[in-house]
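*Asks:* Sending over a structure as structure tokens; questions will come in a sec.
The values are calculated or read from the model by the stated rules, or taken from the named source; none is laboratory data. A quick note: this is a predicted structure, and the numbers were derived from the prediction, not measured. Note: ideal-geometry Cβ built from the backbone for every residue, glycine included; neighbour counts use all protein chains shown.
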Amino acid sequence: MTRNIPEKPGLEGLEAKWDARWAAEGTYSFDRSKTRDEIFSIDTPPPTVSGSLHMGSVFGYVQTDTHARYRRMAGKEVFYPMGWDDNGLPTERRVQNYYGIKCDPSLPYDPDFEPPDEPHDPPMPVSRRNFVDACHVLTVEDEKVFEGLWRALGLSVDWTQTYATIDHHSRRTSQKAFLRNLARGEAYAQEAPVLWDVDFRSAVAQAELEDRERPGSYHRVAFHKPDGGSIHVETSRPELVCSCVALVAHPDDDRYQDLFGSTVTSPLFGVVVPVVAHELADPEKGTGVAMICTFGDTTDVTWWRELDLATRSVIQHNGRFQEETPDWLSGAGEEVYKEIAGLYPNQARRKMAELLTESRDLIGEPEQITHQVKFYEKGERPLEIVTSRQWYIRNGGRDDDLRKALLARGAELEWVPEFMAVRYQHWVDGLNGDWLVSRQRFFGVPIPIWYRIDDSGGVVYDRPLIPDESDLPIDPSTDVPKGYVESSRGEPGGFVGDPDIMDTWATSSLTPEIAGHWDNDPDLFERVYPMDIRPQGSDIIRTWLFATVVRGHYEHSELPWRSATINGWILDPDRKKMSKSKGNVMTPAPLLEEYGSEAVRYWACNGRPGVDTAVDLGVIRIGRRLAIKILNASRFALGFSGDVDPANITEPIDRSMLGGLSQVVGQATDAFERFDYARALEITERSFWSWTDDYLELVKTRAYGEGHEAASAQATLQVGLSVYLRLFAPFLPFVTEEVWSWWREGSIHRASWPSTDEFEGLVIDSAILEITSQVLSAVRRVKSDAKVSMRAEVESVSITTDDSGIEHLRQGESDLRAAARAERVGYSIGEFSVDAVLAEG
RNA sequence: GGGCGGUUAGCUCAGUCUGGCAGAGCGCUCGCCUCACACGCGAGAGGUCACAGGUUCAAGUCCUGUACCGCCCACCA
């Protein structure tokens, strides 16, 4: 093969050149004729395309790409698809802001509607179908931006294997799996209290909650006993006195024994409520008596359910107190309620505090506190609890046997790093309800269900109308169930579609099925499922990972993957978690532009598996330096016309270098098998630098010479370079491919991973090179101390070492003399030391 | 309140599983335009391994406890 080595090799333009070449040659295309045991399949995380691009977007993906590239070179056919998570609330919010539109499901579809070029202000209401269309338009644009970044980064994805969580195939898969859950009794609908975001007007699931510290105050409020006495409760939500259904104390609390079973009346409203006993009441908190309201917090829900209490809800889905006076209030209570009707809870709270003060039912001043309040993770106001009809998938939160089975699945999974396993256990252990999968939103996969409407106009929920699997996907708001006509929609005797969509996790929990085409290509699915790895962040173990395990457990009775590789967080250079609100988000594009993809990849690969990592320009610069070093060292190693026949490798120091290199190959391979890409890189890099600093310097003079000694050096340089390039290829795909192309046919990324077999019969003890390098280093120190050039001539080098050291050094002596520019080398036995006498002048 | 991870050189981090002379890079200092590379090369200085106790011939590494940082979870009246 003719060599085509540039005079001044550089990194610029390599990304574009090789991305285009790989695409044209199908370097990463998946060969589906391979069988399951020949395939390595990756359940790639579909990035949220409506989210911003930041360094977190490159970190985990680059790490995963190293696994893909290693396995591919190690002989596996790699199934490496890419998905886009475009359904759900993040997209809705982005579309609302981008176009200045909002969805109003009551509006009719406007076929002529075009999303505006400039955002509308105030937001323009559009029909659900127009809104969803706008979502599709924008997500396609967003996906192009993401694909551009991934390609610039050199992800070895098969770009023909892509999916979007809102596309036809994903909707079909999602609805099919849901209907199967329903048929097997794993999914069910229930009218029940749910956590509710009043801004998004949607229920949210336990997995989407976060606690935030908020100021509040404890109000001590008097309830009245029949004998004229009073009993005090402490509450941070006095506005809910009107929805109080009972007071509760601990059954063993001596102070309240004679009250259990009696009734008291609420202040101002005069509603009679029972005093009940329950273990969850904490005698240490407040007065030991708590007010149970429907519903102030999740404990209220527990009490309400377990004690079978009345329901007195006043907060509506829009977050306000209902306008009409509740029917359990009468007399003076009605007048009091009018004061808070229509208010938001925080307004009602202030009003109630005033009224309770006037009526002397507020005891003392409210005590200012900060407490944890539940929020939807994407929300801005505290969650309320409202009663509504929702769909659930059983997840063990209410069933111990199922919980145990899912815990066993987690234990079966290989976690990388191992300690991540407990995060799964704790989450499953702590579940307190089933998985709420319905959302009252617009851009998502619809719940594929209709309901009959009886002759009096009531919706019949208990016998839903289910579509045939072959008709999926459907949208029950526009499609019509078999045996009905569109004109009977919403009419007595007709039907109505379930208005809700599924939670985004209800679809993305099926990424193995979506990417592997469970629905429409069982042959492919069998070749890739269960997948080998699920790479993802630790923050979504409780959502994406757990939900995927649940779906796999139900649908296939097995784990969806063998291993979960969990990556860490990205922190900004000050080690703060990056977030848009802090304004410290770094976008990758300028870094890719300035330092190149290899440098950014190098940084990502330096982050240990599962370890939070700061963006560090210093590390990025080292990556760039390494890539440039590879170019230059390669130019040297390939700069001879010599024959690469390994039979030419005869010199002991050359064979010794291969001895060390074969150990490096073994260690890097072991590290990759354990998914420790960072260790593999570290080992390779350390070895490579000593290769260029010491080995290359030692053999340089000989390599420029003639005869069989020169041929040995030239052949060894090429063999060594070939190994180093392949070891680096998973990390630095562009520069290694570039150099490979200088003298090899085909892509390095389809070349075989180096193996110790390659040096069979050539390898000897690495100690020869190691001790020779040590002596060379010692001579350099002498020159450095004397502040002379490394080219300075040395009269003699005196080495003291043991027998085997001398034996080893003699075998590399001529190279040492050439590299050190030493006239003579002398040896003596003893403690290791090196002395060098510089030549005169 | 429970749990997980971390604390090693000025900085960023390896090393802890499996105990055996404290490591790398950056930065700093001093040199060197050495025919692959000045986008470079060589050399040097720099550490009470968070703290306290224990096991051991030997502890950064194993055990117990403490402090601080980060994260997760919790029924937060």
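*Asks:* Out of A:Trp505, A:Trp518, I need the residue that is under 30 Å from A:Trp427 (Cβ atoms) and in contact with a Pro (Cβ under 8 Å, 6 or more places away or on another chain). Which one?
*Replies:* Step by step, each of A:Trp505, A:Trp518 is checked, and only A:Trp518 is under 30 Å from A:Trp427 (Cβ atoms) and in contact with a Pro (Cβ under 8 Å, 6 or more places away or on another chain).
*Asks:* What single numbered condition from (1) among the charged types (D, E, K, R); (2) under 16 Å from A:Lys374 (Cα atoms); (3) at pLDDT 95 or above fails to hold for A:Glu208?
*Replies:* (3)
*Asks:* Residue under question is A:Thr543, and the condition is that it be of a type in the set (Val, Ile, Thr) and at pLDDT below 95; does it hold?
*Replies:* yes
*Asks:* Tell me which residues, restricted to segment A:75-112, are surrounded by fewer than 17 Cβ atoms within 10 Å (Cβ to Cβ), touching a residue at least 12 places away in the same chain (Cβ under 8 Å) and more than 24 Å from the chain's Cα centre (by Cα).
*Replies:* Listed by number, the residues that qualify are A:Gly75, A:Asn97, A:Gly100, A:Lys102, A:Asp104, A:Pro105, A:Leu107, A:Pro108, A:Tyr109, A:Asp110.
*Asks:* Restricting the search to segment A:611-637, which residues are more than 8 Å from RNA strand B (Cβ to nearest atom) and within 28 Å of A:Ser563 (Cα to Cα)?
*Replies:* Within segment A:611-637, just A:Val615 meets the criteria.
*Asks:* Turning to a different aspect of this structure: Residue check: is A:Glu234 touching a residue at least 40 places away in the same chain (Cβ under 8 Å) and either surrounded by fewer than 16 Cβ atoms within 10 Å (Cβ to Cβ) or within 41 Å of the chain's Cα centre (by Cα) (or both)?
*Replies:* Here the answer is no, as A:Glu234 does not meet what is asked.
*Asks:* Applying the selection to segment A:784-821, what residues are of a type in the set (A, V, I, L, M, F, W, C), in contact with a helix residue (DSSP H, G or I) (Cβ under 7 Å, 6 or more places away or on another chain) and either surrounded by 13 or more Cβ atoms within 10 Å (Cβ to Cβ) or not in a loop (DSSP other than H, G, I, E, B) (or both)?
*Replies:* A:Ala792, A:Val794, A:Val797, A:Ile799, A:Leu809, A:Leu816, A:Ala818, A:Ala819, A:Ala820
*Asks:* Are any residues in segment A:781-832 of a type in the set (Lys, Arg) and without any contact (Cβ under 8 Å) to a residue 24 or more places away in the chain, and if so, which ones?
*Replies:* A:Arg781, A:Lys787, A:Arg810, A:Arg817
*Asks:* If I filter segment A:599-622 down to residues being in contact (Cβ under 8 Å) with a residue 60 or more places away in the chain and part of a helix (DSSP H, G or I), which single residue comes out as surrounded by the fewest Cβ atoms within 10 Å (Cβ to Cβ)?
*Replies:* Among those residues, the one meeting the criterion is A:Asn606.
*Asks:* Filter segment A:285-294 down to the residues that are within 12 Å of RNA strand B (Cβ to nearest atom) and either free of Cβ contacts under 8 Å to residues at least 40 places away in the same chain or closer than 20 Å to A:Pro326 by Cα (or both) and list them by number.
*Replies:* Answer for segment A:285-294, where residues must be within 12 Å of RNA strand B (Cβ to nearest atom) and either free of Cβ contacts under 8 Å to residues at least 40 places away in the same chain or closer than 20 Å to A:Pro326 by Cα (or both): A:Gly288, A:Met291, A:Ile292, A:Cys293.
*Asks:* Collect the residues in segment A:399-411 that are of a type in the set (A, V, I, L, M, F, W, C), within 16 Å of RNA strand B (Cβ to nearest atom) and surrounded by fewer than 18 Cβ atoms within 10 Å (Cβ to Cβ), keeping them in residue-number order.
*Replies:* Selection gives A:Leu407, A:Ala411.
*Asks:* I'm trying to understand the selection: among the residues of segment A:541-557, which are over 14 Å from A:Glu414 (Cβ atoms) and in contact with a Pro (Cβ under 8 Å, 6 or more places away or on another chain)?
*Replies:* Correct list: A:Trp544, A:Thr548, A:Arg551, A:Gly552, A:His556.
*Asks:* Write out, first by first residue and then by second, each pair whose Cβ atoms fall under 7 Å of each other, whose residues are 6+ apart or on separate chains, and whose first residue, in segment A:412-430, is within 19 Å of A:Glu558 (Cβ to Cβ) and more than 6 Å from RNA strand B (Cβ to nearest atom) while the second is assigned to a loop (DSSP other than H, G, I, E, B) and among the aliphatic types (A, V, I, L, M).
*Replies:* A:Glu412/A:Leu559; A:Leu413/A:Leu559
*Asks:* Hey, any hits in segment A:337-347 for a residue that's without any contact (Cβ under 8 Å) to a residue 12 or more places away in the chain, assigned to a helix (DSSP H, G or I), of a type in the set (D, E, K, R) and surrounded by fewer than 17 Cβ atoms within 10 Å (Cβ to Cβ)?
*Replies:* no
*Asks:* Can I ask one more? In segment A:217-233, which residues are among the aromatic types (Phe, Trp, Tyr) and over 15 Å from A:Tyr256 (Cβ atoms)?
*Replies:* The answer is A:Tyr218, and nothing else.
Each row is one residue, and each column tells you yes or no for (1) touching a strand residue (DSSP E or B) at 6+ places or on another chain (Cβ under 9 Å); (2) surrounded by fewer than 22 Cβ atoms within 10 Å (Cβ to Cβ); (3) free of Cβ contacts under 8 Å to residues at least 60 places away in the same chain.
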site	(1), (2), (3)
A:Gly493	yes, yes, yes
A:Trp505	yes, no, no
A:Glu526	no, yes, no
A:Tyr529	yes, no, no
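*Asks:* Return the total of residues in segment A:679-714 being near RNA strand B (Cβ under 8 Å from one of its atoms), under 30 Å from A:Trp415 (Cβ atoms) and aliphatic (A, V, I, L, M).
*Replies:* Result for segment A:679-714: 0.
*Asks:* If a residue has to be surrounded by fewer than 17 Cβ atoms within 10 Å (Cβ to Cβ) and either in contact with a Leu (Cβ under 8 Å, 6 or more places away or on another chain) or part of a loop (DSSP other than H, G, I, E, B) (or both) to count, how many in segment A:264-285 make the cut?
*Replies:* 7
*Asks:* Surrounded by 15 or more Cβ atoms within 10 Å (Cβ to Cβ), within 12 Å of RNA strand B (Cβ to nearest atom) and more than 31 Å from the chain's Cα centre (by Cα) - does that describe any residue in segment A:204-217?
*Replies:* Yes, the conditions are met somewhere in segment A:204-217.
*Asks:* Here are A:Asp654, A:Asp645: which of them is over 28 Å from A:Leu591 (Cα atoms), touching a Ser or Thr at 6+ places or on another chain (Cβ under 7 Å) and either within 13 Å of RNA strand B (Cβ to nearest atom) or acidic (Asp, Glu) (or both)?
*Replies:* Result of the check over A:Asp654, A:Asp645: A:Asp654.
*Asks:* A follow-up question, please. Of A:Glu384, A:Glu377, which residue is surrounded by 16 or more Cβ atoms within 10 Å (Cβ to Cβ), within 14 Å of RNA strand B (Cβ to nearest atom) and charged (D, E, K, R)?
*Replies:* A:Glu384
*Asks:* Let me ask another. Anything in segment A:448-463 that is at negative phi and either charged (D, E, K, R) or surrounded by fewer than 18 Cβ atoms within 10 Å (Cβ to Cβ) (or both)? List them, or say none.
*Replies:* Once the filter is applied, which keeps residues that are at negative phi and either charged (D, E, K, R) or surrounded by fewer than 18 Cβ atoms within 10 Å (Cβ to Cβ) (or both), segment A:448-463 yields A:Arg452, A:Asp454, A:Asp455, A:Ser456, A:Gly458, A:Val459, A:Val460, A:Tyr461, A:Asp462, A:Arg463.
*Asks:* If you check A:Glu191 against the conditions, is it at pLDDT below 95 and in a strand (DSSP E or B)?
*Replies:* Yes; evaluated as a whole, the condition is true for this residue.
*Asks:* Okay, moving on. Residue check: is A:Gly396 over 20 Å from A:Ala547 (Cα atoms) and either within 14 Å of RNA strand B (Cβ to nearest atom) or modelled with pLDDT of 90 or more (or both)?
*Replies:* no
*Asks:* When you scan segment A:38-47, do you find a residue that is at pLDDT 90 or above, of a type in the set (Gly, Ala, Ser) and more than 16 Å from RNA strand B (Cβ to nearest atom), even just one?
*Replies:* Checking segment A:38-47: at least one residue is at pLDDT 90 or above, of a type in the set (Gly, Ala, Ser) and more than 16 Å from RNA strand B (Cβ to nearest atom).
*Asks:* From (1) in a loop (DSSP other than H, G, I, E, B); (2) at pLDDT 95 or above; (3) buried (at least 22 other Cβ atoms within 10 Å of the Cβ), pick out the condition that doesn't hold for A:Ile166.
*Replies:* Every condition holds for A:Ile166 apart from (2).
*Asks:* Additional query: Condition first: within 15 Å of RNA strand B (Cβ to nearest atom), surrounded by fewer than 20 Cβ atoms within 10 Å (Cβ to Cβ) and farther than 23 Å from A:Thr613 by Cβ. Can you find one or more residues in segment A:13-28 that meet it?
*Replies:* Looking for residues that are within 15 Å of RNA strand B (Cβ to nearest atom), surrounded by fewer than 20 Cβ atoms within 10 Å (Cβ to Cβ) and farther than 23 Å from A:Thr613 by Cβ, one finds at least one in segment A:13-28, hence yes.
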